[in-house]
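Colleague: Quick one: this structure, given as structure tokens, is what I'll be asking you about.
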């Protein structure tokens, strides 16, 4: 059966479309876009076409999260591929790329194939595995990139652990470049961050928590930029959190280097001041920084220094978070709050809505070389529909994710995904749509 989505404000940054239009779907693809398509349906095959009126809504290419942790295999008590994919579509994401820090690490073909198989069984969001840079993410010996690419890996990263060996990172960039796949760098000098629990500064001092200085992130970003420049390859910088990091990336881009970068909603929403409650839901790596860093992140988003907004979805069980701050795990369960938090950037004038959609769909697709992120005729029918005015309150108990670890519990939000379509099939629909 065909599906006609009518009356929505259609935003497709790749085609520079921002207009009230209709979108027709058939056989899992976008087959037509235009005005008043309903007329032709009524005159031809209305019985074979499902019509959904989306007047007042915003229709975009399916959102893509290029930085998710799904925990399976090995830590299914925190999250599974199925529960994470369900949380993704509830948050408006049609595609997610999952980091390799599972147990065992996704550093070989069999684990990559296992994740792909679990994603097919879940039949929710598209799931793209990211393979490890090094064996067991130990930073000693390169993993077999070609094998993982054949199995379905779309990038390489040791996220959660930095590659401290500069020579190994050089070889990783060169190997991945030869395969036309990106390296995603977790930039952290562990000699500088060792034992740290929050941002080093005023609040770490008064709270008595060991600090992580901004230089721990910035020194590694500078190193990886230099390696990319020397090897004439590329690198993608994960979860940027500091003013200095933005400055380094901006300068590298101005020199024409192949550098892309991302940040996450908590890095433009919360500061280290919030940790005065010792709430372990606020413990993340890199840590929440200062108000000056947030201002720099916003500026980096506005001027294009930061290409993508990711969730860095890091679900944990209560046993990982409900203990002393020093021993609590890092991470926020972010798939179901990311869009609501990011829409604040539009209301605050940091980004236009098309710019936001580009950072949450088009740009991630381009960085990961995915055939996604657009509404061109013939493209996969991956679509997100957003109600910009819908008020809602964050309630972790209603999360589809197993991870309930969110510092945004009880926050009042405005704007939410109400319909998520993957491959032409509805995977999530807000009950208020009465579909």
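The values are calculated or read from the model by the stated rules, or taken from the named source; none is laboratory data. Because the structure is a prediction, the values reported are computed rather than measured. Backbone-built Cβ (ideal geometry, glycine too); neighbour counts: all protein chains shown.
Colleague: So, in segment 373-403, of the ones that are surrounded by fewer than 20 Cβ atoms within 10 Å (Cβ to Cβ) and in a strand (DSSP E or B), which residue ends up nearest to the chain's Cα centre (by Cα)?
Modeller: Result: 388.
Colleague: Name the residues in segment 143-169 that are surrounded by fewer than 18 Cβ atoms within 10 Å (Cβ to Cβ) and either farther than 25 Å from residue 330 by Cβ or not assigned by TED's automatic domain parsing to the domain that holds residue 218 (or both), would you?
Modeller: The answer is 144, 146, 147, 150, 152, 167.
Colleague: Condition check: part of a helix (DSSP H, G or I) and at negative phi. Does residue 154 satisfy that? Before the answer, list the steps.
Modeller: Values: part of a helix (DSSP H, G or I): no; at negative phi: yes.
So residue 154 does not fit the description; no.
Colleague: Which residues, taken from segment 83-118, are surrounded by fewer than 24 Cβ atoms within 10 Å (Cβ to Cβ) and under 17 Å from the mean Cα position of the chain (by Cα)?
Modeller: 83, 86, 90, 101, listed by residue number.
Colleague: Still on this model: Does any residue of segment 329-336 turn out to be outside any loop (DSSP other than H, G, I, E, B) and assigned by TED's automatic domain parsing to the domain that holds residue 169?
Modeller: We begin by selecting, within segment 329-336, every residue outside any loop (DSSP other than H, G, I, E, B); these are 332.
Then drop every residue that is not assigned by TED's automatic domain parsing to the domain that holds residue 169, which leaves 332.
Yes, segment 329-336 has at least one match.
Colleague: If you don't mind, another one. Would you mind stating whether residue 124 is closer than 18 Å to residue 382 by Cα, touching a strand residue (DSSP E or B) at 6+ places or on another chain (Cβ under 7 Å) and in a loop (DSSP other than H, G, I, E, B)?
Modeller: On the way: closer than 18 Å to residue 382 by Cα: yes; touching a strand residue (DSSP E or B) at 6+ places or on another chain (Cβ under 7 Å): yes; in a loop (DSSP other than H, G, I, E, B): yes.
Here the answer is yes, as residue 124 does meet what is asked.
Colleague: Looking only at segment 224-265, count every residue that is closer than 12 Å to residue 186 by Cα and either part of a helix (DSSP H, G or I) or more than 17 Å from the chain's Cα centre (by Cα) (or both) and tell me the total.
Modeller: The total comes to 1.
Colleague: Evaluate segment 289-299: report whether one residue or more is surrounded by 20 or more Cβ atoms within 10 Å (Cβ to Cβ), over 15 Å from the mean Cα position of the chain (by Cα), in contact (Cβ under 8 Å) with a residue 60 or more places away in the chain and not assigned by TED's automatic domain parsing to the domain that holds residue 407.
Modeller: Yes, segment 289-299 contains at least one residue that is surrounded by 20 or more Cβ atoms within 10 Å (Cβ to Cβ), over 15 Å from the mean Cα position of the chain (by Cα), in contact (Cβ under 8 Å) with a residue 60 or more places away in the chain and not assigned by TED's automatic domain parsing to the domain that holds residue 407.
Colleague: Mind checking which pairs have a first residue in segment 359-370 that is assigned by TED's automatic domain parsing to the domain that holds residue 299 and modelled with pLDDT of 95 or more and a second that is surrounded by fewer than 22 Cβ atoms within 10 Å (Cβ to Cβ) and in a helix (DSSP H, G or I), Cβ under 6 Å, 6 or more apart or different chains?
Modeller: 362/14
Colleague: For residue 358, all conditions in the list (1) outside any strand (DSSP E or B); (2) surrounded by 15 or more Cβ atoms within 10 Å (Cβ to Cβ); (3) touching a strand residue (DSSP E or B) at 6+ places or on another chain (Cβ under 8 Å) hold save one; what is the number of the exception?
Modeller: Evaluating residue 358 over (1) outside any strand (DSSP E or B); (2) surrounded by 15 or more Cβ atoms within 10 Å (Cβ to Cβ); (3) touching a strand residue (DSSP E or B) at 6+ places or on another chain (Cβ under 8 Å) leaves (3) as the failure.
Colleague: Now for a different question. When you go through (1) buried (at least 24 other Cβ atoms within 10 Å of the Cβ); (2) touching a residue at least 60 places away in the same chain (Cβ under 8 Å); (3) in a helix (DSSP H, G or I) one by one for residue 71, which number turns out not to apply?
Modeller: It is condition (3) that residue 71 fails.
Colleague: Residue 269 is checked against (1) surrounded by fewer than 24 Cβ atoms within 10 Å (Cβ to Cβ); (2) touching a helix residue (DSSP H, G or I) at 6+ places or on another chain (Cβ under 6 Å); (3) in a helix (DSSP H, G or I) and fails just one. What number does that condition carry?
Modeller: Condition not satisfied by residue 269: (3).
Colleague: Restrict the check to segment 246-257 and report whether at least one residue is closer than 29 Å to residue 71 by Cα and either in contact (Cβ under 8 Å) with a residue 24 or more places away in the chain or outside the structural domain of residue 205 (by TED's automatic domain parsing) (or both). Steps first, please.
Modeller: Of all residues in segment 246-257, those closer than 29 Å to residue 71 by Cα come to none.
Within segment 246-257, none of the residues are closer than 29 Å to residue 71 by Cα and either in contact (Cβ under 8 Å) with a residue 24 or more places away in the chain or outside the structural domain of residue 205 (by TED's automatic domain parsing) (or both).
Results for (1) in contact with a helix residue (DSSP H, G or I) (Cβ under 6 Å, 6 or more places away or on another chain); (2) assigned to a loop (DSSP other than H, G, I, E, B), shown as yes or no for each residue.
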site: 164; (1), (2): no, yes
site: 171; (1), (2): no, no
site: 191; (1), (2): no, no
site: 205; (1), (2): no, no
site: 221; (1), (2): yes, no
